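A.B. asks: Handing you a structure now.
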Amino acid sequence: MKEGKAVEAPWISSPSPSLTQRFPRPIDRAGRPLRVSELLWISLYWFASSFQWGALLAVVLPAEVLRFAPEAQKGSYLAVLFAAGAVIALVMSPLAGAWSDRCTLALGRRRPFIVLGTLINCGGLVGMHAASSFPWFLGAFLVVQMANNLAAGAFHGLLPDKVPPAQRGLGSGLMGLLMMLGTIAAAVASGRLVGQGQTGSVYWLIAIVLLAGMTLTLWKVREEPLEVAPPWRLLAFVRSLWIDPRQYPDFAWMFATRGLVMLGYYTLLAFLQFFVKDTLHLAPSQAAQTTGFLSAVAVAAGTVVAVAAGWASDRVGRKAIVSIAGTFLAATCFGLLVQPPLWVLVGVAVLFGIGSGAYTSVDWALAIDVLPSANSAAKDLGVWAVANTLPQVLAPLVAGPILDHYNRQASNFGYTVIFSSAIIYIALGS
């Protein structure tokens, strides 16, 4: 796998020479080395976004499904919720990235979308809190998914915009660190609140964190506005969403391998709370709190290696670190197949977190290295993000019905089946 070469974005009409000088290489791309504090400010919004998903995916959504779904159909209900939300993300992420690539607002190319997406996101959280039926809850969750990917699709472009290539590993590591810290904080806080019967408070807490992250990003991250946007060609843009693996094989391999690893990851994550509840024989509130604790342990372990792995990848290369980390993830998941007691689950969480921390912190930098075009970074990263969101559709759709079916055949046997498949997915991707 080689570093990708910058080419002209195919969905943008050929500009004049003067326009080429202005688009899309603003002052951000001058290559000036950034201070660590600058790298942290650029990555800050990822803390807020990770706080939301750390709370929702592992703790809140499974707990809320138990409020609406019959016990025997909980896997299928959760599958519908995850899959529908991920379909929205599949569409919105590359579209938002493409819009931001050509945005000419004075606030910058990325920041206007972060503001709009965050405000709509908060409205969706209020709707989830107020939901009295599963269709209402699902609709509000889809608004959250759409809005968050509107903001995130544009935010993806900040790292390649502002961070020079020699610092991308460190920048990716710091981004991974803040993502993990956000997930830890969310897992602890949401697990505690849901365990105390205060699920509604989690939605308000998420909204506060998102608004704070948005405000600090606006304050600390500066962008050079794009003066002139090239003409938009819809059909060319739609065609550009297909990135030919024959022309860009490195990007294609990156997409496929990440997709497999994420397919395994979301198979584990989506059903972890049900696994804890059924195998440890806990009440739903206790299961939510325990899942939050295990998630926090895993992510805390990941923070130990995140920045170091990112820094090391700037010096020794990224492929080996990503492959070894993924293989480590697959190996540690074998501990789940024996449906162990809690103290063993804590050990599995620590080992899983170490592998996940190294993988996450370097994978982002590797993706940026193999982007097809420097001129449409946010759009291309939005396409790459499909390798994260498509597994969110497939994992629960495949595993949810299988879980319900095999659990009816033998007590908790469904978890052995779906977690075995997760190990295979991660091993293949690595």
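The values are calculated or read from the model by the stated rules, or taken from the named source; none is laboratory data. Owing to the predicted nature of the structure, the values given are computational and were not obtained by experimental measurement. Cβ placement follows ideal geometry from the backbone for every residue including glycine, while neighbour counts extend to all protein chains displayed. Note: accessible area is taken over every heavy atom of the protein model, side chains too, but ligands, DNA and RNA are not part of it. Shrake-Rupley method; radii C 1.70, N 1.55, O 1.52, S 1.80 Å.
A.B. asks: If you count only protein heavy atoms and use a 1.4 Å probe, how large is the accessible surface of His156, to the nearest 10 Å²?
C.D. replies: Using a 1.4 Å probe on the heavy atoms, I get roughly 10 Å².
A.B. asks: Rg/Rh for the stretch 278-329 to two decimals, with Rh computed the Kirkwood way over all alpha-carbon pairs. Write out the running numbers ahead of the final one.
C.D. replies: Numbers: Rg = 16.1 Å, Rh = 13.3 Å.
Here the Rg-to-Rh quotient is 1.21.
A.B. asks: Give me D for the chain in µm² s⁻¹, whole number, from Stokes-Einstein with Rh from the Kirkwood sum over alpha-carbon pairs, 37 °C and 0.692 mPa s. The partial results should precede the final answer.
C.D. replies: Details: Rh = 21.6 Å.
Rounded, D is 152 µm²/s.
A.B. asks: Can you work out ³J(HN,Hα) from phi for every residue in the stretch 333-344, in order, using Karplus 6.51 cos²θ - 1.76 cosθ + 1.60 and θ = phi - 60°, giving whole Hz and x for Gly and Pro?
C.D. replies: 5, 4, x, 6, 5, 8, 6, x, x, 4, 5, 6
A.B. asks: With the dipole of the chain worked out from charges on the C-beta (+1 for Lys and Arg, -1 for Asp and Glu) around the Cα centre, which of Gln286, Thr303, Ala152 lies farthest toward the positive end?
C.D. replies: Towards the positive end, the residue furthest out is Ala152.
A.B. asks: Which ³J(HN,Hα) values, rounded to whole Hz and listed in residue order, are derived for the stretch 348-363 from phi using the Karplus coefficients 6.51, -1.76 and 1.60 in 6.51 cos²θ - 1.76 cosθ + 1.60 with θ = phi - 60°, glycine and proline given as x?
C.D. replies: Result, ordered by residue: 4, 4, 4, 5, 4, x, 4, x, 5, x, 5, 5, 5, 5, 9, 4 Hz.
A.B. asks: How much accessible surface does Leu44 have with a 1.4 Å probe, in Å² rounded to 10?
C.D. replies: The accessible area comes out at roughly 40 Å².
A.B. asks: With +1 on each Lys and Arg Cβ and -1 on each Asp and Glu Cβ, how big is the dipole of the stretch 35-188 about its Cα centre, in debye rounded to the nearest 20? Write down the numbers at each step before the final one.
C.D. replies: Working: 9 positive and 5 negative charges, 69 e Å.
Taking the Cα centre of the stretch 35-188 as origin, the dipole is about 320 debye.
A.B. asks: Using the C-alpha atoms of the stretch 252-391, what convex hull volume per residue, in cubic angstrom, is computed?
C.D. replies: Numbers: hull volume 14.9 nm³, N = 140.
With only Cα atoms used, the stretch 252-391 gives 107 Å³ per residue.
A.B. asks: Size of the dipole of the chain about the Cα centre, Lys and Arg at +1 and Asp and Glu at -1 on the beta carbon, nothing else charged, in debye to 20?
C.D. replies: Values: 28 positive and 19 negative charges, 116 e Å.
Its charge dipole is roughly 560 debye.
A.B. asks: Suppose R0 equals 56 Å. What FRET efficiency, 1/(1 + (r/R0)^6) with r the Cβ-Cβ distance, do Ala256 and Gln198 give to the nearest 0.05?
C.D. replies: On the way: r = 42 Å, r/R0 = 0.75.
After rounding to 0.05, the efficiency reads 0.85.
A.B. asks: Follow-up. Rounded to the nearest percent, how much of the accessible area of the chain (1.4 Å probe, protein heavy atoms only) is carbon and sulfur? Show your work: numbers first, answer last.
C.D. replies: On the way: 11350 of 16600 Å².
Summing carbon and sulfur atoms, their accessible area is 68 percent of the total for the chain.
A.B. asks: How far is helix 74-101 tilted off the main Cα axis of the chain, in degrees rounded to 10, range 0 to 90?
C.D. replies: Result, in degrees: 10.
A.B. asks: Still on this structure: Which trypsin sites (Lys or Arg not before Pro) in the stretch 238-295 pass both tests, a DSSP loop state and at most 12 other beta-carbon atoms within 10 Å?
C.D. replies: Details: sites: Arg239, Arg246, Arg258, Lys277; in loops: Arg246.
Answer in residue order: Arg246.
A.B. asks: Where in the stretch 315-389 are there trypsin sites (Lys or Arg not before Pro) that are in a DSSP coil and have at most 11 other Cβ atoms within 10 angstrom of their Cβ?
C.D. replies: Counting only loop positions with at most 11 other Cβ atoms within 10 Å, none of the trypsin sites (Lys or Arg not before Pro) in the stretch 315-389 qualifies.
A.B. asks: Between 0 and 90 degrees, rounded to the nearest ten: what's the tilt of helix 111-130 against the longest Cα principal axis of the chain?
C.D. replies: It is inclined by approximately 20 degrees.
A.B. asks: Based on DSSP H runs of at least 4 residues, each adding -39500 (n - 2.57), what is the mean residue ellipticity at 222 nm of the chain after dividing by all its residues, to the nearest 500 deg cm²/dmol?
C.D. replies: Details: 16 runs with 322 residues, N = 430.
About -26000 deg cm²/dmol.
A.B. asks: For the Cα atoms of the chain, what angle does the longest principal axis make with the long axis of helix 413-429, in degrees from 0 to 90, nearest 10?
C.D. replies: Around 20 degrees separate the two axes.
A.B. asks: I'd like to check one number: the per residue accessible area of the chain, probe 1.4 Å, reported in Å² as a whole number.
C.D. replies: Details: 16600 Å² over 430 residues.
Per residue, the chain has 39 Å² of solvent-accessible surface.
A.B. asks: So what's the convex hull volume per residue for the Cα atoms of the stretch 379-430, in Å³?
C.D. replies: Working: hull volume 3.1 nm³, N = 52.
Roughly 59 Å³ of hull volume per residue.
A.B. asks: Another question, then. Suppose accessible area is computed on protein heavy atoms with a 1.4 Å probe; arrange Glu71, Glu64, Glu224 from highest to lowest. Can you show the working numbers first?
C.D. replies: On the way: Glu71 95, Glu64 15, Glu224 75 Å².
So the residues, ranked largest to smallest area, are Glu71, Glu224, Glu64.
A.B. asks: Then there's this: Per 0.36 nm of contour for each residue apart, how much would the distance between Phe134 and Ser323 grow if the chain were fully extended, relative to their Cα-Cα spacing? Kindly include the intermediate steps, with their values, before the conclusion.
C.D. replies: Working: separation 189, 0.36 × 189 = 68.04 nm, distance 3.98 nm.
Here the segment from Phe134 to Ser323 would lengthen by 64.1 nm.
A.B. asks: Once Lys and Arg get +1 and Asp and Glu get -1 on their Cβ, which of Leu66, Ser100, Leu78 lies farthest toward the positive end of the dipole of the stretch 39-130?
C.D. replies: The Cα lying farthest towards the positive end belongs to Ser100.
A.B. asks: Could I ask something else about it? Sorted by accessible area with a 1.4 angstrom probe, largest first, how do Ile114, Ile402 fall? Write out the running numbers ahead of the final one.
C.D. replies: Numbers: Ile114 5, Ile402 55 Å².
Solvent-accessible surface, decreasing: Ile402, Ile114.
A.B. asks: Where Rh is the Kirkwood radius over the Cα pairs of the stretch 340-413, the temperature 20 °C and the viscosity 1.002 mPa s, what D in µm²/s does Stokes-Einstein return? Intermediate values should be presented prior to the final figure.
C.D. replies: Details: Rh = 15.7 Å.
The calculation lands on 137 µm²/s.
A.B. asks: Ordering Thr118, Thr104 by how much accessible area each has at a 1.4 Å probe, largest first, what is the list?
C.D. replies: Largest to smallest exposure gives the sequence Thr104, Thr118.
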